[in-house]
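In what follows, a single structure is set out as structure tokens and then discussed.
The values are calculated or read from the model by the stated rules, or taken from the named source; none is laboratory data. Everything quoted here is computed from the prediction, not taken from an experiment. Glycine also receives a Cβ, built like all others from the backbone with ideal geometry; neighbour counts cover every protein chain displayed.
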Amino acid sequence: MTSRISGFYRLAPSERLAAAADQASLRKEEIEQIEGGLSLDAADKMVENVIGIMQVPLGVATNFVIDGREILIPMATEEPSVIAAASNGAKMAREGGGFLTSSTGPVMRAQIQVTGIADPYSARHTVLLHKEDLMAMANEKDPMLVKFGGGVKDIEVRVIDSRLGPMVVVHLIVDCRDAMGANAVNTMAESLAPRIEQMTGGRVYLRIISNLADLRLARARAVFKAEEIGGHEVVDGILLAAELAQVDPYRAATHNKGIMNGVTAVVLATGNDTRAVEAGAHAYASMGGQYRSLTRYEKNRDGDLVGSIEMPVAVGLVGGATRVHPVARATVKMLGVKSADELSRIIAAVGLCQNFAALRALASEGIQRGHMSLHAKNVAVQAGAKCDMIEIIAARMAAERRISVSRAAELMAEMDEKAKESN
């Protein structure tokens with residue numbers, strides 16, 4: 001398999017699907033599912049009160065090499081230039097060996113909030129004293145997870161001061177294996193609530209997962225050769241842009257949004273919970289007391305750019321839409337992943353790649369050049385352009401830097417007039 005498909009963007013959609021399906025060994029019925037998307041009947045089984053289907057474009061980012069493996073990246077997004085930028089960034093990373101990843105494993109936290117305790121530190125000690133018994137009780141709720149090596153691995157207890165008095169918060173540390181884990185950890189937390197109330201004398205209110213998955217971190221690193229990305233001046237420009245995101249939350253918000261352009265697109269394409277991953281990422285970026293970038297950039301001794309990312313990525317391969325949605329099943333197969341942990345590391349690599357591509361554009365020709373040329377096509381379609389006329393009008397507007405529906409309409413009128421004169 002190779003993710004380096006020359007001229008992929010020039011192909012018609014059906015030809016792109018055929019090329020990607022060939023590389024990923026998709027069966028005929030899987031190809032048809034991608035083409036057909038989600039049926040109304042299937043949607044009705046996934047959520048409540050279904051009246052229709054809201055679809056977004058599904059594309060494929062090419063050129064990715066992750067941990068030595070060629071991978072085609074399915075991405076579901078409505079934003080122009082995201083997939084093109086990811087493909088371009090991945091191509092530039094190939095000369096440096098592509099992306100190398102690591103992780104902390106698929107570990108999540110469940111929180112059990114205990115209130116109304118006069119002696120919270122004594123209550124904390126009591127819970128920790130009975131930790132092994134509590135872990136065994138919780139693991140009885142999901143013997144299948146335990147069978148596959150998962151389950152509760154530890155219990156932590158925190159005392160938190162609040163304006164409503166002290167609270168004892170019990171954390172269940174759960175290895176979720178190939179599940180995202182929300183259902184499993186919530187069930188475990190609920191099962192322990194009565195026992196914790198009994199041993200502490202307090203009252204349990206919340207017992208629910210935390211989406212700040214700081215024990216489920218995915219990391220990726222890549223070397224971008226200076227000559228591949230435009231020279232040492234571009235390297236220095238990226239370093240300056242990245243540093244602003246470390247010290248200024250106004251810049252960090254946009255910087256991290258660029259990361260999430262790639263991350264969320266893959267999370268959505270694989271049927272995972274985009275809100276959970278988004279919440280975890282932004283909370284993790286704030287853990288030091290100031291909102292900062294999720295990526296870091298350095299210059300190595302050869303003068304090349306080295307980028308890295310570390311972020312929570314709570315995704316699964318079992319349960320939820322990943323198993324129910326036919327397109328999600330096909331995209332997971334396209335990725336060729338065998339575990340949720342592997343999927344999380346691929347997602348981190350895409351986030352780093354997306355961020356690098358945006359920073360390189362900012363440090364060289366500017367972000368608008370590529371983005372606006374794609375945006376111009378959308379505007380041309382809005383004005384009523386069809387077929388070859390879309391490309392011609394979009395190119396004219398991009399060259400003029402006048403991208404609007406009214407300008408597209410003027411150009412269409414000019415083309416119509418010229419066609420009449422030639423006839």
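Summary of values
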quantity	calculated
Considering residues of the stretch 217-233 that are out of contact with any strand residue (DSSP E or B) (no Cβ under 8 Å at 6 or more places or on another chain) and in a helix (DSSP H, G or I) only, the residue nearest to Glu342 (Cα to Cα)	Glu228
Among residues of the stretch 141-175, those that are of a type in the set (D, E, K, R) and crowded, with 20+ Cβ neighbours inside 10 Å, counted	2
Strands (runs of 3 or more DSSP E) contained in the stretch 1-109 and holding at least 2 residues among the β-branched types (Val, Ile, Thr)	58-66, 69-76
Some residue of the stretch 273-280 being part of a loop (DSSP other than H, G, I, E, B), surrounded by 20 or more Cβ atoms within 10 Å (Cβ to Cβ) and not aliphatic (A, V, I, L, M)	yes
Members of the stretch 126-180 found to be part of a loop (DSSP other than H, G, I, E, B) and within 23 Å of Tyr205 (Cα to Cα), listed by number	His130, Glu140, Lys141, Asp142, Asp161, Ser162, Arg163, Leu164, Gly165, Pro166
Selection status of Tyr250, surrounded by fewer than 20 Cβ atoms within 10 Å (Cβ to Cβ) and not in a helix (DSSP H, G or I)	no
Residue within the stretch 9-21 that is closer than 26 Å to Lys225 by Cβ, crowded, with 20+ Cβ neighbours inside 10 Å and of a type outside the set (Phe, Trp, Tyr) present	no
Restricting the stretch 303-342 to residues that are of a type in the set (Asp, Glu) and in contact (Cβ under 8 Å) with a residue 40 or more places away in the chain, the residue that is farthest from Met54 (Cα to Cα)	Asp304
Selection count, the stretch 314-328, where residues are in a helix (DSSP H, G or I) and within 13 Å of Ala42 (Cβ to Cβ)	6
Options Gly303, Gly289: the member that is touching a His at 6+ places or on another chain (Cβ under 6 Å), modelled with pLDDT of 95 or more, assigned to a loop (DSSP other than H, G, I, E, B) and over 19 Å from Ala213 (Cβ atoms)	Gly303
Check on Ile196, assigned to a helix (DSSP H, G or I) and either in contact (Cβ under 8 Å) with a residue 24 or more places away in the chain or in contact with a Phe, Trp or Tyr (Cβ under 9 Å, 6 or more places away or on another chain) (or both)	yes
Selection count, the stretch 1-28, where residues are under 14 Å from Met334 (Cα atoms) and assigned by TED's automatic domain parsing to the domain that holds Gly68	13
Residues located in the stretch 176-185, provided they are crowded, with 16+ Cβ neighbours inside 10 Å and closer than 12 Å to Ala110 by Cβ	Cys176, Gly181, Ala182, Ala184, Val185
Search result, residues across the stretch 121-166 that are of a type in the set (Ser, Thr, Tyr) and touching a residue at least 24 places away in the same chain (Cβ under 8 Å)	Tyr121, Thr126
Selected residue (criterion: farthest from the chain's Cα centre (by Cα)) from residues of the stretch 110-125 that are β-branched (Val, Ile, Thr) and outside any loop (DSSP other than H, G, I, E, B)	Thr115
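The rows are residues; the columns are (1) of a type in the set (Val, Ile, Thr); (2) farther than 14 Å from Lys299 by Cβ; (3) free of Cβ contacts under 8 Å to residues at least 40 places away in the same chain.
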position: Tyr205; (1), (2), (3): no, yes, no
position: Ser210; (1), (2), (3): no, yes, no
position: His232; (1), (2), (3): no, no, no
position: Leu244; (1), (2), (3): no, yes, yes
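Residue by residue, here is whether (1) under 19 Å from Val306 (Cα atoms); (2) β-branched (Val, Ile, Thr); (3) out of contact with any Gly (no Cβ under 8 Å at 6 or more places or on another chain) holds:
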residue: Ala213; (1), (2), (3): no, no, no
residue: Val223; (1), (2), (3): yes, yes, no
residue: Gly231; (1), (2), (3): yes, no, yes
residue: Val235; (1), (2), (3): yes, yes, no
residue: Ala242; (1), (2), (3): yes, no, yes
residue: Arg251; (1), (2), (3): no, no, yes
residue: Gly258; (1), (2), (3): yes, no, yes
residue: Ala269; (1), (2), (3): no, no, yes
residue: Asn272; (1), (2), (3): no, no, no
